[in-house]
Amino acid sequence: MPADRAGRTWWRDGVLYQIYPRSFMDTNGDGVGDLRGITQRLDHLQWLGVEGIWLDPIMVSPNDDWGYDVADYVEVDPSFGTLADADTLIEEASKRGIRVILDLVPNHTSDRHPWFLDAKSARDARHRDWYVWADPKADGSVPNNWGMAFDPRRPAWTFDEASGQYYLNQFLPSQPDLNWWNEEVRDAFDAILRFWFDRGIAGFRIDVCHSVIKDRELRDNPPATPEDHWYVRMMGQRSVYNACRPEVHDVLRRWRKIAESYDPPRVLIGETYVLEPEAFATFYGAGDELNLAFNFMLIHSQFRAAELRDAIQHAEELLPSDAWPVWTGGNHDNHRFPTRWCKNDPARTRAALVMLMGLRGTPFLYYGDEIGMVDTDVPADRILDPVGVFHGARMGRDDERTPMHWSAVAGAGFSEPAVEPWLPYGDYGAYNVADQRHDPDSVLALTRDLIGLRDAMPELRNGSYRTVPGPSDDVWVWRRGERTVVACNLSEHVVEVAGVGPGAIRISTIRARADERVDGALHLAPWEAAIVWRD
């Protein structure tokens, strides 16, 4: 991996980019994106200015949960290519100053993983204790009240007729949970980390890392209360015993030691789906656990200035002094922010991009964010996501996983024109890289300019965050360091932000305002956001 520039740490100072491999670029005409396709599009990512790419799972999987049901942790799924293709991608990305981060799924495996096939063969099987098994209650019912994450109406347990026991599956019955109290499981994952680190990956994004350890006694979760977050209320119970157990920090510290043993050190990024900010902050440890932990309180906020501001402010107050935030507007599990937050309105999308790039912390872009790509309405007969199967298309995750729009030609530049993609295309005539690449007023141009501005302005990368009073609850203003002001007008009205100048606008969602002087108040058009450098 290339060395960082002096005084910079790539995962703190750079902008990172999430790729859903099945939907990025198809090079063999089967309608599914592949590793060679990602390699082929690295020049776009270099031009954009990102310094790292996170790939959703590329390991062998029967795809009941589209890669998050792993059947072999040290081999590439044939639909994506080979280990040699992965090596080529890592090498070619490195030549362009881009690091590769892989997705690790430690909570569960596929039920077709050799470990589970053995575990299910007999109660005294070699790998039996690698999974969470429990006897039925006296009446034959499930061991406790835990519900499936994908459908809380269903118990998170599947009965195995042959052995007369239940096994835990917090997601699908075909995704049995591993028993992280077993030291052999921990040793096996140590080897998996080293296998990929030795191949040159820069780190892992760790799937549901807060949930790998379960209560040893398998106690019932308490019911949700009216004061709980809406998601907790939807689940019907508080995840006291099947998530955020104190012992999970032992696992993360163990992995951090492995990551730090490499030169340069590898990075650990956690999917910490924790909706209590106080608990979320603990996953950084004392600088010895995760390097970055996703904060889902921002994603779940409405696109209202006061609500977004409060989510950031709360996180800033709770994070340890040496912890570094990470922010994103969407990902493979949440509808795209141009749709969910911005109602498919380009002006709001531009404001959201300025917001994300102006915060203290590492921004993650989800593929297509750079062109303002919106959700695709996937028809009922094309639903593939298990959440969508359980709850309907709008609750599912297919809409945000559809193929990338590279051009306005048939096939969207993703695959051959006559090929049916694994999920349907969206409106690639309205949102595509080719048309926006040479349009200075495009969302793509704004995104690239924002990444370049972060690179040029140290205060945008590592300056402190401090909220500044705005003229109303529709306007969010903050200062980065001593001389940088970010102002977002999330309303339909022209607003005046006092006390911003003297200085100059470095970037605005209205391109023509770049370099405009601000001698006192800053006037913002509806849904305009700007970054000002004070004299």
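Brief remarks on what is shown
- Ala84 versus Glu278: modelled label distance in nm, points set 7 Å from Cα along the beta carbon direction: 5.6 nm
- Taking every lysine pair in the chain that is 8 or more places apart or spans two chains, those with Cα atoms closer than 30 Å amount to 5.
- Residues with amide H under 5 Å from that of Ile58, placed H, sequence gap 5 or more: Asp103
- If R0 equals 30 Å, the separation of the Cβ atoms of Leu218 and Arg112 corresponds to a calculated FRET efficiency of about 0.75.
- Distant-in-sequence amide H partners of Gln165 (H built 1.01 Å from N, under 5 Å): Asp160
- Maximal additional length on extending the Glu416-Ser141 stretch stands at 93.8 nm, based on 0.36 nm per residue less the C-alpha distance.
- Distance between the modelled labels on Asp333 and Ala122, one decimal in nanometres: 3.8 nm (7 Å Cα→Cβ projection).
- Applying the Karplus relation 6.51 cos²θ - 1.76 cosθ + 1.60 with θ = phi - 60° to segment 189-198 yields 3J(HN,Hα) values of 6, 4, 5, 5, 4, 5, 4, 7, 4, 5 Hz, where x marks Gly and Pro.
- Helix axis angle, 248-260 relative to the chain longest principal axis, alpha carbon, degrees: 70 degrees
- Candidates Pro57, Gly29, Val486 compared by Cα position along the dipole of the chain: farthest toward the positive end lies Val486, with charges placed on Cβ.
- Phi-derived couplings, Karplus 6.51 cos²θ - 1.76 cosθ + 1.60 at θ = phi - 60°, listed residue by residue for segment 521-531: 7, 9, 9, 10, 6, x, 6, 9, 10, 8, 10 Hz, with x used for Gly and Pro.
- Ala286/Arg483 FRET efficiency (R0 35 Å; Cβ-Cβ; nearest 0.05): 0.65
- Among the GluC sites (Glu not before Pro) found in segment 450-535, those both in a DSSP coil and sparsely packed, with 16 or fewer other Cβ atoms within 10 Å of their Cβ, are Glu482, Glu492, Glu516.
- Between the beta carbons of Asp72 and Ala456, assuming R0 = 60 Å, the FRET efficiency works out to 0.85 to the nearest 0.05.
- Residue (of Leu318, Phe189, Ile371) at the positive-pole extreme of the chain, dipole from beta-carbon charges: Leu318
- Full-extension gain in nm, Leu318 to Ala445, via 0.36 nm per residue minus C-alpha separation: 42.2 nm
- When the convex hull of its Cα atoms is viewed from all sides, segment 109-179 shows a mean projected area of 4.4 nm².
- Between Ala191 and Glu92, the modelled labels are 3.2 nm apart [label points 7 Å from Cα along Cα→Cβ].
- Backbone geometry of segment 357-367 corresponds, through the Karplus equation with coefficients 6.51, -1.76 and 1.60 at θ = phi - 60°, to 3J(HN,Hα) couplings of 6, x, 7, 6, x, 8, x, 10, 9, 8, 3 Hz, x marking Gly and Pro.
- Label point 7 Å beyond Cα of Glu496 along Cβ direction - residues of segment 505-535 with amide nitrogen under 15 Å: 519-525
The numbers here are math on the coordinates, done by the rules we state, and not lab data. Remember, predicted model here, so these are calculated numbers, not experimental data. Cβ sites come from the backbone with ideal geometry, for glycine too, and all protein chains shown count toward neighbours.
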